[in-house]
Amino acid sequence: MRIETIAARAGAELDPVTGSVAPPIHLSTTFDHGPASEDPHGYHYIRDANPTQTRLETALAALEGGEAALAWSSGMAAGAAYLQALPPGSHVVFPDDMYYGYRVVAHEFFKQWGLSATTVDMADLDNVRAALTPATRLVWAESPSNPLLRIVDLAAVAELAHAAGAELLVDGTFATPILQQPLALGADVVMHSSTKYLGGHSDVQGGALILKRRGPTAERLLLIRQNLGAVASPFNSWLVLRGLRTLACRVERQSANAHALATALAGHPRLSAVHYPGLPTTPLHEVARRQMRLFGGMLSIQVRGGREAALAVCSRVRLFLNATSLGGTESLIEHRASSEGPGSTTPEDLLRISVGLEHPQDLIDDLMQALTA
Ligand SMILES: Cc1ncc(COP(=O)(O)O)c(C=O)c1O
């Protein structure tokens with residue numbers, strides 16, 4: 001079945017008790033069991049699993065074409081769990097542009113967990129090749145990346161990782177399964193912050209890991225979730241599941257809007273750069289064209305005049321909201337270096353833009369007046 005049909009219907013089986021079309025939310029923390037803790041209904045305690053979370057996982061596995069999916073309380077919990085599942089002594093290769101939270105995890109926790117990391121610019125595959133060691137267990141890619149919208153050739157990096165005995169994890173948050181299918185390109189696992197496009201309405205936090213194969217890693221991840229406790233609540237699972245129903249429509253419109261905005265901004269005299277994978281001038285644009293259906297709803301711009309000039313643009317927008325996060329129906333703008341804080345590697349003149357569902361001309365008009373005022 002096609003991705004739009006999967007998004008609209010996966011995990012949407014009728015409730016067998018009532019026939020309800022919308023899925024029920026099972027808030028129960030505990031489930032009827034036998035005298036020796038036998039589970040006749042398949043559920044035991046909310047931290048182990050709950051029926052609403054299971055529905056969401058069924059849908060996520062179908063959307064990404066994986067054998068197993070695990071929902072988490074946040075994208076950070078999902079990514080951190082995958083790192084915690086690595087054996088001590090493992091080496092990880094990270095991209096130099098990635099969601100900064102995982103850089104913080106590497107900096108603050110890797111030593112304690114017995115892990116090490118190398119960070120490289122993955123645009124040049126030789127850098128990836130050179131970073132791989134006999135201890136490398138995981139290559140972590142983010143494409144498009146946050147906040148510079150860098151593209152990684154996922155099929156090529158999967159091949160390099162596998163040849164070195166490592167796995168490839170792809171943070172697919174910006175692309176969503178509608179635009180890019182990392183498992184089909186050779187990745188072993190896709191990670192999402194469901195807080196973004198999957199939820200889609202800036203009202204739910206969640207994370208997801210979708211694994212190509214069911215196996216020991218999936219078992220280990222389940223053990224981590226059950227015992228360390230970063231489960232998705234039933235209500236949050238339900239909200240993400242509800243978000244999936246409109247994912248294809250939203251992402252297509254957001255991609256079209258972002259493409260129109262990036263095209264209108266390209267070459268603006270007040271900007272030194274517009275980062276959008278759909279612009280032919282963007283590095284690895286041809287790779288993006290090959291591995292993505294559309295180019296997504298995220299872009300970033302660099303404002304001539306540095307930090308103060310960038311902050312001035314943020315203070316002049318009328319329609320865009322100054323807020324962090326992304327993937328909701330409303331357009332957001334953010335000075336990333338300020339948001340990331342100390343240790344940020346993001347250029348001080350950079351503004352990240354999450355494009356919503358407003359009319360593209362209204363968005364263009366707003367940014368043009370903010371840039372020229
Ligand atoms: C690309 C990407 N990955 C992961 C995360 C972390 O997700 P969460 O905020 O749900 O923990 C974010 C959050 O902004 C993100 O942008």
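Points worth noting:
- Unique match (being within 16 Å of the ligand (Cβ to nearest atom) and at positive phi) among Gly243, Gly229: Gly229
- Among the candidates Ala256, Ala260, Ala273, the residue that is small (Gly, Ala, Ser) and either surrounded by 21 or more Cβ atoms within 10 Å (Cβ to Cβ) or outside any helix (DSSP H, G or I) (or both) is uniquely Ala273.
- Pair list, Cβ < 6 Å and 6+ apart or interchain, from the stretch 174-203 residues that are more than 23 Å from Thr329 (Cβ to Cβ) and free of Cβ contacts under 8 Å to residues at least 40 places away in the same chain to residues that are in a strand (DSSP E or B) and not acidic (Asp, Glu): Asp188/Leu168
- The stretch 14-27 residues that are closer than 17 Å to Thr54 by Cα and touching a residue at least 40 places away in the same chain (Cβ under 8 Å), paired with ones that are aliphatic (A, V, I, L, M) and outside any loop (DSSP other than H, G, I, E, B) (beta carbon under 7 Å, 6 or more apart): Pro23/Leu241
- Residue match in the stretch 103-121 (condition: over 20 Å from the mean Cα position of the chain (by Cα), surrounded by 18 or more Cβ atoms within 10 Å (Cβ to Cβ) and of a type in the set (S, T, N, Q)): no
- Residue in the stretch 296-315 that is more than 20 Å from Ile353 (Cα to Cα) and surrounded by fewer than 17 Cβ atoms within 10 Å (Cβ to Cβ) present: no
- Residue within the stretch 76-90 that is in a loop (DSSP other than H, G, I, E, B), more than 17 Å from the chain's Cα centre (by Cα) and without any contact (Cβ under 8 Å) to a residue 40 or more places away in the chain present: yes
- Residue in the stretch 50-72 that is within 16 Å of the ligand (Cβ to nearest atom), surrounded by fewer than 18 Cβ atoms within 10 Å (Cβ to Cβ) and on the phi < 0 side of the Ramachandran plot present: no
- The test for being away from the ligand (no atom under 16 Å from the Cβ) and either touching a strand residue (DSSP E or B) at 6+ places or on another chain (Cβ under 8 Å) or touching a residue at least 60 places away in the same chain (Cβ under 8 Å) (or both) does not hold for Glu219.
- Of all the numbered requirements in (1) within 16 Å of the ligand (Cβ to nearest atom); (2) under 16 Å from Thr58 (Cα atoms); (3) outside any loop (DSSP other than H, G, I, E, B), Leu198 misses one, and that requirement is (3).
- Checked against (1) within 26 Å of Lys196 (Cβ to Cβ); (2) away from the ligand (no atom under 14 Å from the Cβ); (3) not in a loop (DSSP other than H, G, I, E, B), Ala141 passes all but a single condition, namely (2).
- Checking each residue in the stretch 201-231 for being assigned to a loop (DSSP other than H, G, I, E, B), surrounded by 20 or more Cβ atoms within 10 Å (Cβ to Cβ) and under 16 Å from the mean Cα position of the chain (by Cα) picks out Val204, Gln205, Gly206.
Every number here is computed from the coordinates shown, using simple stated rules; none is lab data. On a predicted model such as this, the values are computed, not experimentally measured, just so you know. Because the Cβ atoms are built from the backbone with ideal geometry, glycine has one as well, and the counts that use them run over all protein chains shown.
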